[in-house]
Amino acid sequence: MSRELIDLAIERLREELPNKSKSWIRRALVRFMRGTVREFNENTWVVRGLPELGDKYPTYVVRLRDGRYYCSCFESSWGLRRRSEVCTHIAAVILYRNYRRLDSDVYASVVNIECVDYYLEIPSELRGKVRVVKSVKVIDATDKLNPRHRVTYVIYSSEPMELRARLICDDNVRELSLRLARTRRYIIELLTH
Ligand SMILES: [Zn+2]
């Protein structure tokens, strides 16, 4: 496992559940790092119990239903107290899924520009198939009403392809020919967060 991906997976978990304590995150991380999560099917995971974390059962089943996670530990004697919480079995599953997503392949191209006004247009028939994310930094705010930006566009898709895009940078309009090459999802997150 890669340290960088684990850090990003934790960051996403924290964004999703910002009120959780450090010890809660630590317990979720221990479960994940010990390889206790196994995917059973698309919406079900089996998490091996760890007695040192207070687990009384050898396995727990986490299910995703209508966008909500449910854990079999909700049905245990502590169920009433735990039902309203997200247990660390669920958190371990979230970490596992985040990690797998960050580690997956995508096909991407990166465009860097510096301008005051900017716009990248991809052919409308590719919308839904090709995604564009950008990161923007102000590099010169001497003219407060028209600051100059450094813009990084990442154009990506789940499949390799070549496409044409129109890049507008101030008064300059350019036709770009982009080839989306294989990379990993976390590279995109690093470029745009
Ligand atoms: Zn649980």
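The values are calculated or read from the model by the stated rules, or taken from the named source; none is laboratory data. Remember, it's a predicted structure, so these values are computed and weren't measured experimentally. Neighbour counts are summed over all protein chains in view; Cβ atoms, including those assigned to glycine, are modelled from backbone coordinates with ideal geometry. Calculation scope for accessible area: heavy atoms of the full protein, side chains included, ligands and nucleic acids excluded. Shrake-Rupley method; radii C 1.70, N 1.55, O 1.52, S 1.80 Å.
When R174 is tested against (1) open to solvent by less than 80 Å² (accessible area, probe 1.4 Å); (2) in contact with a strand residue (DSSP E or B) (Cβ under 6 Å, 6 or more places away or on another chain); (3) of a type outside the set (D, E); (4) closer than 20 Å to E114 by Cβ, only condition (1) is not met. Looking at the stretch 41-56, can you tell me whether even one residue there is open to solvent by less than 20 Å² (accessible area, probe 1.4 Å), hydrophobic (A, V, I, L, M, F, W, C), modelled with pLDDT of 95 or more and in contact with a helix residue (DSSP H, G or I) (Cβ under 6 Å, 6 or more places away or on another chain)? Looking through the stretch 41-56, at least one residue is open to solvent by less than 20 Å² (accessible area, probe 1.4 Å), hydrophobic (A, V, I, L, M, F, W, C), modelled with pLDDT of 95 or more and in contact with a helix residue (DSSP H, G or I) (Cβ under 6 Å, 6 or more places away or on another chain). Considering only the stretch 150-170, I want to know if a residue exists there that is more than 28 Å from L102 (Cα to Cα) and acidic (D, E). Yes, that holds for at least one residue. A single member of T142, T183 is hydroxyl-bearing (S, T, Y), out of contact with any Gly (no Cβ under 7 Å at 6 or more places or on another chain) and not in a strand (DSSP E or B), and it is T142. A Cβ distance below 8 Å, combined with a sequence gap of six or more or placement on separate chains, defines the contacts here; from the stretch 12-28, residues that are over 22 Å from H193 (Cβ atoms) reach residues that are in a helix (DSSP H, G or I) and open to solvent by less than 60 Å² (accessible area, probe 1.4 Å) in the pairs W24/T88; W24/A91; R27/L53; R27/T88; R27/A91.
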